[in-house]
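What follows is calculated from the coordinates using simple rules that are stated; it is not laboratory data. Here the structure is a predicted model, which means the values were calculated and not measured. Note: ideal-geometry Cβ built from the backbone for every residue, glycine included; neighbour counts use all protein chains shown.
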Amino acid sequence: KQEVTQIPAALSVPEGENLVLNCSFTDSAIYNLQWFRQDPGKGLTSLLLIQSSQREQTSGRLNASLDKSSGRSTLYIAASQPGDSATYLCALGGNQFYFGTGTSLTVIP
Amino acid sequence: NAGVTQTPKFQVLKTGQSMTLQCAQDMNHEYMSWYRQDPGMGLRLIHYSVGAGITDQGEVPNGYNVSRSTTEDFPLRLLSAAPSQTSVYFCASRPSRLDGTQYFGPGTRLLVL
């Protein structure tokens, strides 16, 4: 069974800082990896999808990378803003998606 | 497009009662799934479907039933609710079994007393 770990569980940074969120997994036989954002009491919003054949994807201030050989993915957020405060989840797999428990990000104005 | 919709938004049940959580999508996606989200445990897959008439179990299927008679709808049935089923339930869909962005509904908060 795929095990997905996200460290740290919580992160607090001042506005404007660049930051990296980490996601590690145990089984490299994946089809794709997806990063989500979840606001309190809300559903999940997709941020980026990386296919297994890809190394990274970019959308605006977000960049996600995938290294299957080391079992790691990172989500880079540039010039963080208070509106980025949320929980960030990574999920990977194919038929069955396995989620990490998330990193709760707080950006302090 | 409405995307993925779920009803109800919130429900309180007594132990032993049954109910159906509704999920619908209007994106013509083949793949649909149900997750539960519990504090400290992340999202866990309950059941999934790769197309109309095809369903399979996920990581935590016990106590739940599903069926997929149409592409659009994927209801989740709790046969005899237990306090351990208190959770937030999310429905999701994606274009096909292995590809595409997964889209989530807003969730249903279920409290079993």
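What the table below lists for this structure:
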| item | result |
| --- | --- |
| Max mean-square fluctuation residue, GNM over chain A, Cα-Cα springs under 10 Å, options A:28, A:52, A:12 | A:12 |
| Sequence of B:15, B:101 once ranked by neighbouring C-beta atoms within 10 Å, starting from the fewest | B:15, B:101 |
| Virtual paramagnetic centre 7 Å along Cα→Cβ of residue A:9, amide N under 16 Å, in region A:89-109 | A:89, A:100-106 |
| Rel. contact order, % - alpha carbon contacts under 8 angstrom, at least six apart, chain B | 36 |
| Neighbouring partner chain Cβ atoms per residue of A:36-45, average, 10 Å criterion | 4 |
| Most mobile of A:91, A:29, A:64 in a GNM of chain A (Cα contacts under 10 Å) | A:29 |
| Residue exposure sequence - B:31, B:103 - by fewest surrounding Cβ within 10 Å | B:103, B:31 |
| Gaussian network model of chain A, Cα within-10 Å springs - most flexible of A:11, A:21, A:89 | A:11 |
| Ranking of B:27, B:41 by count of other Cβ atoms within 10 Å, fewest first | B:41, B:27 |
| Alpha-carbon centroids, region A:87-109 and region B:30-47: separation in whole Å | 13 |
| Loop-located trypsin sites (Lys or Arg not before Pro) in region A:1-76, at most 16 other Cβ atoms within 10 Å (DSSP) | A:1, A:42, A:55, A:61 |
